[in-house]
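Have a look at the structure below before the remarks.
The values are calculated or read from the model by the stated rules, or taken from the named source; none is laboratory data. Predicted model only: the values in this text are computed from it and were never measured. Backbone-built Cβ (ideal geometry, glycine too); neighbour counts: all protein chains shown.
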Amino acid sequence: MVHWRLALTTLLSVVLLVGCGSQTKEELPFPYAVEFEEALAESTTDLQREILADQVITDEEFLELRQLHIACLNDAGIKAEMIPEGGYTVFAEMTEAETDIDMGCLDDSIMPIEPLYYAVRNNPKNIDFTEVIVECLQRKDLVSKDFTAKEYKLLESQFPSVITEEGTGSVEMPEGEIPKLPGGTPMDDPAVSECSWNPQGY
């Protein structure tokens with residue numbers, strides 16, 4: 001059986017990383033300086049530390065880490081392949097032991113670098129990501145210019161989701177419970193989803 005698996009962090013969570021250091025973002029020359037320091041402290045390999053040291057994660061560096069992750073799985077007897085757009089495919093039901101192996105492979109490869117790679121790419125100024133989503137919705141004329149991030153967060157909190165028991169990441173939405181934007185567009189509309197996952201069109 002083929003399963004499509006995302007790495008363990010979602011785009012929405014990674015772009016909202018909050019630094020715990022004593023410095024504020026306004027005092028730092030680079031918007032993600034605190035997050036890079038935290039990732040460096042969490043790194044487990046010399047390669048991870050080398051990549052994070054200059055506060056730049058190139059496409060080539062991230063690809064190398066993704067390849068290491070897949071190689072680690074394959075070496076453990078777990079058949080897996082990268083998905084070009086991101087994530088990876090595992091060609092079997094994973095046992096609990098294999099899931100633990102996958103976690104170890106992730107820790108020694110793309111984590112904790114993957115969150116920063118996508119965050120810097122999709123939100124280079126490290127601003128409130130909800131504001132970026134709202135700007136996208138406004139560009140698409142899905143909401144008015146006075147629609148706020150606070151209003152979006154309220155709608156998002158009303159957006160129910162049920163993760164399937166298989167744990168494959170698919171989501172089922174109960175009928176009749178999908179909130180709508182003020183203009184009447186359902187929150188699960190493809191145009192709204194596009195703004196949620198890729199608001200800046202990368």
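Residues that are assigned to a loop (DSSP other than H, G, I, E, B), among the aliphatic types (A, V, I, L, M) and under 20 Å from Leu116 (Cα atoms): does the stretch 55-63 have at least one?
Within the stretch 55-63, one or more residues are assigned to a loop (DSSP other than H, G, I, E, B), among the aliphatic types (A, V, I, L, M) and under 20 Å from Leu116 (Cα atoms).
Output the residue which, of all residues in the stretch 93-123 that are among the aliphatic types (A, V, I, L, M) and part of a loop (DSSP other than H, G, I, E, B), is farthest from Thr44 (Cα to Cα).
Start the filter on the stretch 93-123 by keeping residues that are among the aliphatic types (A, V, I, L, M), which leaves 94, 97, 101, 103, 106, 110-111, 113, 116, 119-120.
When the remaining residues are screened for being part of a loop (DSSP other than H, G, I, E, B), the result is 94, 110-111.
Working: Met94: 24, Ile110: 11, Met111: 9 Å.
This residue is Met94.
Residues in the stretch 133-179 that are charged (D, E, K, R), modelled with pLDDT of 90 or more and over 22 Å from the mean Cα position of the chain (by Cα): how many?
The qualifying residues number 6.
Just the residues that are of a type in the set (D, E, K, R) and either surrounded by 15 or more Cβ atoms within 10 Å (Cβ to Cβ) or within 26 Å of Lys180 (Cβ to Cβ) (or both), please, taken from the stretch 122-151. I'd like the intermediate steps shown before the answer.
So the first thing to find is which residues in the stretch 122-151 are of a type in the set (D, E, K, R), and the list is 125, 128, 131, 135, 139-141, 145-146, 150-151.
Matches in the stretch 122-151: Asp128, Glu131, Glu135, Arg139, Lys140, Asp141, Lys145, Asp146, Lys150, Glu151.
I'm trying to understand the selection: among the residues of the stretch 180-202, which are at pLDDT below 80 and of a type in the set (Phe, Trp, Tyr)? Even if it seems obvious, please write down each step before you answer.
Looking only at the stretch 180-202, we keep the residues that are at pLDDT below 80, and these are 200-202.
Matches in the stretch 180-202: Tyr202 only.
If a residue has to be exposed (fewer than 14 other Cβ atoms within 10 Å of the Cβ) and free of Cβ contacts under 8 Å to residues at least 12 places away in the same chain to count, how many in the stretch 64-102 make the cut?
Final tally of qualifying residues: 12.
Going by the conditions given, is Gly87 over 17 Å from the mean Cα position of the chain (by Cα), within 30 Å of Gln55 (Cα to Cα) and among the small types (Gly, Ala, Ser)? Please lay out each step first, then the result.
On the way: over 17 Å from the mean Cα position of the chain (by Cα): no; within 30 Å of Gln55 (Cα to Cα): yes; among the small types (Gly, Ala, Ser): yes.
Criteria not met by Gly87.
Step by step: first the residues of the stretch 114-137, then only those that are of a type in the set (A, V, I, L, M) and touching a Phe, Trp or Tyr at 6+ places or on another chain (Cβ under 9 Å), then the one that is nearest to His69 (Cα to Cα). Which residue is that? Steps first, answer last, please.
Narrowing the stretch 114-137 to residues of a type in the set (A, V, I, L, M): 116, 119-120, 127, 132-134, 137.
Next cut, touching a Phe, Trp or Tyr at 6+ places or on another chain (Cβ under 9 Å) only: 116, 119-120, 133-134, 137.
Numbers: Leu116: 17, Ala119: 20, Val120: 21, Ile133: 31, Val134: 35, Leu137: 35 Å.
The extreme case among them is Leu116.
Name the single residue, out of those in the stretch 39-54 being in contact (Cβ under 8 Å) with a residue 40 or more places away in the chain and assigned to a helix (DSSP H, G or I), that is nearest to Pro115 (Cα to Cα).
Ala39
Is there a residue being in contact with a helix residue (DSSP H, G or I) (Cβ under 8 Å, 6 or more places away or on another chain), in a loop (DSSP other than H, G, I, E, B) and hydrophobic (A, V, I, L, M, F, W, C) anywhere in the stretch 124-145?
Checked against the condition, which is being in contact with a helix residue (DSSP H, G or I) (Cβ under 8 Å, 6 or more places away or on another chain), in a loop (DSSP other than H, G, I, E, B) and hydrophobic (A, V, I, L, M, F, W, C), the stretch 124-145 yields at least one hit.
If Cys105 meets every condition in (1) modelled with pLDDT of 90 or more; (2) of a type outside the set (Gly, Ala, Ser); (3) surrounded by 14 or more Cβ atoms within 10 Å (Cβ to Cβ); (4) within 30 Å of Pro199 (Cβ to Cβ) apart from one, which number is that one?
(4)
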